[in-house]
Amino acid sequence: MNPSVLSMAMVRFISSMLELSAALLFLYFKTPDKALRINSMLGLVGPLIFMLTSFIGLSGMAGQISTSRLIIILTGILLVLIGTASKG
């Protein structure tokens, strides 16, 4: 198995465990304010997981794609992050 794919899967597995843990904490605390605080922490972790898995995937493909395509992919990742950022 490709080490990059394995690494990406492991990062997503860890991310899913964080999500499940947060859901269990929601049920444990039973209050909307605590659930909202936990949810806001997840909101910070999500983009980091996205960037990490993207970086691992791009690293694994580095020798296989041209520089121009790499720039297009990185621009796409940046646009996703900008487009999903909350307006403050």
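The values are calculated or read from the model by the stated rules, or taken from the named source; none is laboratory data. Small disclaimer: the values here were computed from a predicted structure and weren't measured. Quick reminder, even Gly has a Cβ in these numbers, built from the backbone with ideal geometry, and neighbours come from all protein chains shown.
Determine whether Ile71 is exposed (fewer than 13 other Cβ atoms within 10 Å of the Cβ), at pLDDT below 95, part of a helix (DSSP H, G or I) and not polar (S, T, N, Q). In short, yes. Quick one: is Leu48 modelled with pLDDT under 95, surrounded by 14 or more Cβ atoms within 10 Å (Cβ to Cβ), closer than 21 Å to Ala85 by Cβ and not β-branched (Val, Ile, Thr)? For Leu48, the condition - modelled with pLDDT under 95, surrounded by 14 or more Cβ atoms within 10 Å (Cβ to Cβ), closer than 21 Å to Ala85 by Cβ and not β-branched (Val, Ile, Thr) - is not met.
Residues of the stretch 76-88 that are more than 14 Å from the chain's Cα centre (by Cα) and surrounded by 10 or more Cβ atoms within 10 Å (Cβ to Cβ): Gly76, Leu79. As a summary of the residue check, Ser4 satisfies the conditions (1) loosely packed, with under 12 Cβ neighbours inside 10 Å; (2) within 20 Å of the chain's Cα centre (by Cα); (3) not β-branched (Val, Ile, Thr) except for the one numbered (1).
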